[in-house]
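Okay, structure first, notes after.
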Amino acid sequence: MAKPEIDDVTGFETTGHEWDGIKELNKPLPKWWLWVLYVTIIWSFGYWIAYPAWPLVSNYTKGVLGYSQRQVVMDSVAAAKAAQGKFREAIAATELSEIRTRPDLLNFALAGGKAAFGDNCAPCHGRGAQGFKGYPNLNDDDWIWGGEIAEIHQTIRYGIRSDHDETRVNDMPKFGIDGILEAAQINDVSEFVLSLSGKAGDAEAAERGRAIFAEQCIACHGEEGKGNTELGSPNLTDAIWLYGGSKDDIVESVRTGRGGVMPSFTARLDDVTLKQLAVYVHALGGGL
Ligand code: HEC
Ligand code: HEC
C-alpha cells in the first residue's frame, strides 16, 4: 500500500482524490461537533427512559414520567370545568327567571346555551334558530307552546309529542285522512282560515267555512282563531305559519292534522345545560 500523501501547506493527509490539481484533505470532524453529537445520543437514552418512545405491537413504551398528551388535554379540560364549576353551581341553585337579572350568570348561561344549541338543536331549528317548514323559528316572538322562560324550559325538557311521559301533546284531528270532513268542507274551512289573516280568496267559500270552523276548530284554535299556547294550537290570524300559509299548505294541515315531533332532552342533557338553553332561547325570542 502506498504511503498516504501529506499536504505541504496544511500538514494533513490527503485522501488521494484529485480534481484538476485540487486535492481533498482527510480532515477529521471538529471536536466540538463530535461532542455535541455524543451528548445528543446520550440525551436520547434519557428521553427513551423518561418519555413515551417506542411503538410496540399493540401499545408503546410509556416512559417513567408517565407523560401523555391525552392526560395533558384531560387535565386542562378538568381545569376548565373546575373554573366553570362555580357558575354551574350558581345556575343550578338559581331560579330561571332570576338568572336573567344577574349579568355574570346571564352571560355564562347565554354562552353555554348557544354552544348547546349548536350541538343539539341546530339540525332541526337551524344554526341561527331561524327554523324551517315544520320546525318553528325561535327568533320571533310567536310561540306555539308559550314563550315564557318556564314554558320554553318545559318544552325543551319534555319535548313535543315525544316519548317522554310528560311530553307536551295535543293532536289535531286528521280531518281528511280520517274522513271527518269532506274535501269540499276542507276547502271551505281552509278559505276561512286564509281570511283570518287577511288573505283574499273565495269569499263565499270562506263564509261557508266559518260555520265549519265554529263547529270543528274553535275548541283548540279559539273563537277568533288566535290559538292557545296551553294546547299548542297555533294562532291562525298572525300570518306566521309553521307549515306554510298557501291554500295548499292549509288544506294539507287540515287534511293530515300534522303533528310535529320534538324530542325530550331531559335524559340527554344535564339540568344546568337545560337551564342555559332555556335562557338562550328565551333571549332569542326577544324576551330580554
Ligand atoms: C328532531 C328535531 C328537533 C330537535 C333536535 C329540536 N327540536 Fe325543537 N321543535 C321541533 C319541532 C318539530 C317543533 C314544533 C313541534 C310542534 O309542531 O308543535 C319544535 C318546537 C320547539 C319549541 C317550541 C316553539 C314554540 O313556538 O312554542 C322550542 C322552544 C324548541 N323546539 C326548542 C328546541 C331546543 C332548545 C332544542 C335543542 C335542545 C330543540 N328544540 C331541538 C323539532 C326539534
Ligand atoms: C284538538 C285540537 C285541534 C283542533 C280541533 C283543530 N286543530 Fe288545528 N292545530 C292544532 C294543533 C295542536 C296544531 C299544531 C300542529 C303541529 O304543531 O304540528 C294545529 C295546526 C293547525 C294548522 C297549521 C298552522 C301553521 O302554523 O302551519 C292549521 C292551518 C290548522 N291547525 C287549522 C285547523 C282547522 C281549520 C281546524 C278545524 C277544521 C283545526 N285546525 C282544528 C290543534 C287543533
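Computed over the chain with a Gaussian network model linking Cα atoms closer than 10 Å, the most mobile of Asp171, Asp20, Asp249 is Asp20. Between Glu13 and Asp7, Asn26, the built amide H atoms are under 5 Å apart, and every one of these is 5 or more places off in sequence or on another chain. Using a simple spin-label model with pseudo-atoms 7 Å out from Cα toward Cβ, Lys23 and Trp35 lie 3.2 nm apart. Full extension of the chain between Asn107 and Asp141 gives 10.1 nm of extra length, using 0.36 nm per residue less the Cα-Cα distance. Computed extension length for Arg210-Trp43: 51.1 nm, one decimal, from 0.36 nm per residue of separation with the Cα-Cα distance subtracted. Computed from backbone phi, the HN-Hα couplings of the range 249-255 come to 4, 5, 4, 5, 4, 6, 5 Hz, rounded to whole numbers (Karplus: 6.51 cos²θ - 1.76 cosθ + 1.60, θ = phi - 60°; Gly and Pro given as x).
Between Ala200 and Tyr60, the contour length at 0.36 nm per residue exceeds the Cα-Cα span by 42.8 nm. Return the subset of Lys133/Lys226; Lys174/Lys226; Lys27/Lys62 for which the Cα-Cα distance in this structure is over 32 Å, preserving the input order. Result: Lys27/Lys62 exceed 32 Å. Rounded to the nearest 500, the helix-only mean residue ellipticity at 222 nm of the chain stands at -15000 deg cm²/dmol, with each DSSP H run of n ≥ 4 adding -39,500 (n - 2.57). Exposed loop sites here mean trypsin sites (Lys or Arg not before Pro) with a DSSP loop assignment and at most 13 other beta-carbon atoms within 10 Å; the chain contains its longest site-free run at 134-267. Contact order, relative form, for the range 183-256: 30 percent (alpha carbon pairs under 8 Å, 6 or more residues apart, mean separation divided by residue count). Report the far tail of the P(r) of the chain, meaning the percent of Cα-Cα pairs longer than 35 Å. Roughly 51 percent, once rounded to a whole number. Close amide H contacts of Ser233 (hydrogens built in the peptide plane, cut-off under 5 Å, sequence separation of 5 or more or a different chain): Asn228.
Over all Cα atoms in the range 113-207, the spread is summed up by Rg and Dmax: 17.6, 51 Å. Put simply, the range 1-68 fits an ellipsoid with semi-axes of 47, 14, 9 Å; these come from the alpha carbon gyration tensor as the roots of five times its eigenvalues, largest first. Take every pair of alpha-carbon atoms less than 8 Å apart whose residues are at least six positions apart; their mean separation over the length of the chain yields a relative contact order of 20 percent. At the listed q of 0.18 Å⁻¹, the Debye profile of the range 183-256, built from one uniform point per Cα, gives log10 I(q)/I(0) equal to -0.61.
Every number here is computed from the coordinates shown, using simple stated rules; none is lab data. On a predicted model such as this, the values are computed, not experimentally measured, just so you know. Positions of Cβ are backbone-derived with ideal geometry, glycine not excepted, and every protein chain shown enters the neighbour counts.
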